[in-house]
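Heads up: the structure comes next, in structure tokens.
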Amino acid sequence: MNTDERHRLIGGLLRNREQVTVDDLKAACGASGATIRRDLDVLALHGVLRRVHGGARSLVFGGENPQYGQRELEDHSAKVRIAAGVAAMLQGRGHVWLDSGTTATEIARQLRQREMTIMPMSLRAVTALSRDDVPAGRRPELLMPGGALVPGELSFRGPMTEANIRSLRFDAAVVTPCALNLKDGLLAHDLDDAAVKRAGLESAARVIVACAGAKWNASAVALVASLDAVDVIVTDRQFSPEELDQLAQHSVEAVIV
């Protein structure tokens, strides 16, 4: 089991257990105590867990919204497929608005050698888009939105962010909702995030929603927009015929990856 696999296993265990011990993880991962302790130190640094004597305590067991580090470990293969599907839709040298979050960061990695103009909503996406290993002339031009920076998430928020988004027109907006369902549409965990997402999709000619299956019918409180605002949904969820019919009623194309 490699490092990434151990980290995802530990993160998954702490989704369903309040606390795990080093001995528990040694048995689950087939790794030494020293390796497990290093893993826990790294995961604690990324906000996935809290280190305690002899093991680790969950930060999400009580129903709290998981932090970026925890979400980064979850549904990784699905997010990679979703990112590739979104990137395939963004052809040419257009102007793209890119939401924040772990799926958006994965999409940024797919776009880092594309000649287009992108406004990313997080510093994590900025970092992925501006790596030095990309040949000259083969990287996107970045537009920074400004505004306040959310600790941990490193995403942009606030009136300045929203005003700068609305001052431009994009060929496409890539929205990564915190949750969505066929009744309410796109949802976010807080009003500030919802306002930024709304500004992005309302400023674009085409709206692409990138969403792992786990986000469907999940819990979130702030309404972003109804499905009528969406053109395409890229997801790993397998829809029933009834769900596909409801999406068609909203003129939403479903791309399953």
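The values are calculated or read from the model by the stated rules, or taken from the named source; none is laboratory data. Since the model is a prediction, treat every value here as computed from it, not as a measurement. Using ideal geometry, Cβ is built from the backbone for each residue, glycine included, and neighbour counts are taken over all protein chains shown.
The residue that is surrounded by the fewest Cβ atoms within 10 Å (Cβ to Cβ), counting only those in the stretch 237-257 that are touching a strand residue (DSSP E or B) at 6+ places or on another chain (Cβ under 9 Å) and in a helix (DSSP H, G or I), is ALA248.
Here's the yes/no breakdown for (1) of a type in the set (Asp, Glu); (2) at pLDDT 90 or above; (3) out of contact with any Ser or Thr (no Cβ under 8 Å at 6 or more places or on another chain):
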{"site": "GLY12", "(1), (2), (3)": "no, no, yes"}
{"site": "GLU18", "(1), (2), (3)": "yes, no, no"}
{"site": "ASP23", "(1), (2), (3)": "yes, yes, yes"}
{"site": "ALA44", "(1), (2), (3)": "no, no, yes"}
{"site": "ARG81", "(1), (2), (3)": "no, yes, yes"}
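Of everything in the stretch 102-114, what is part of a helix (DSSP H, G or I) and touching a Lys or Arg at 6+ places or on another chain (Cβ under 6 Å)? Give them in sequence order. Of everything in the stretch 102-114, those that are part of a helix (DSSP H, G or I) and touching a Lys or Arg at 6+ places or on another chain (Cβ under 6 Å) turn out to be THR102, THR103, THR105, GLU106.
Among the criteria (1) without any contact (Cβ under 8 Å) to a residue 60 or more places away in the chain; (2) outside the structural domain of LYS215 (by TED's automatic domain parsing), the one GLY12 does not fulfil is (1).
Within the stretch 115-132, the set of residues being among the basic types (Lys, Arg) and either under 22 Å from ALA194 (Cβ atoms) or assigned to a strand (DSSP E or B) (or both) comprises just one member, ARG124. What do you reckon, is ARG38 of a type in the set (D, E, K, R) and within 29 Å of PRO177 (Cα to Cα)? Criteria not met by ARG38. Selection of first residues in the stretch 171-182 that are in the same structural domain as VAL230 (by TED's automatic domain parsing) and of second residues that are charged (D, E, K, R) and surrounded by fewer than 22 Cβ atoms within 10 Å (Cβ to Cβ), restricted to Cβ pairs under 7 Å at least 6 apart or on distinct chains, gives the following pairs, ordered by first then second residue: ASP171/ARG206; ALA172/ARG206; LEU182/GLU243. Close contacts from the stretch 235-253, counting a first residue that is assigned by TED's automatic domain parsing to the domain that holds PRO177 and a second that is at pLDDT 95 or above and exposed (fewer than 14 other Cβ atoms within 10 Å of the Cβ), with Cβ to Cβ under 7 Å and a gap of 6+ residues or different chains, come to HIS250/ASP228.
Condition first: outside the structural domain of GLN19 (by TED's automatic domain parsing), in a strand (DSSP E or B) and among the β-branched types (Val, Ile, Thr). Now tell me which residues in the stretch 52-101 satisfy that. Within the stretch 52-101, VAL96 is the sole residue that qualifies.
Taking the criterion of being within 14 Å of the chain's Cα centre (by Cα) and in a helix (DSSP H, G or I), the only residue of the stretch 162-193 that qualifies is ASP193. Among the residues making up the stretch 22-50, those that are under 21 Å from GLN67 (Cα atoms), surrounded by fewer than 18 Cβ atoms within 10 Å (Cβ to Cβ) and touching a strand residue (DSSP E or B) at 6+ places or on another chain (Cβ under 8 Å) are ASP41, ALA44, ARG50. Among the residues of the stretch 207-236, those identified as assigned to a loop (DSSP other than H, G, I, E, B) and closer than 20 Å to THR105 by Cα are CYS211, ALA212, ASP236. Restricting attention to the stretch 151-161 and to residues that are buried (at least 19 other Cβ atoms within 10 Å of the Cβ) and either in a strand (DSSP E or B) or among the hydrophobic types (A, V, I, L, M, F, W, C) (or both), the residue that is nearest to the chain's Cα centre (by Cα) turns out to be SER155. Residues in the stretch 186-208 that are surrounded by 23 or more Cβ atoms within 10 Å (Cβ to Cβ) and among the acidic types (Asp, Glu): ASP193 only.
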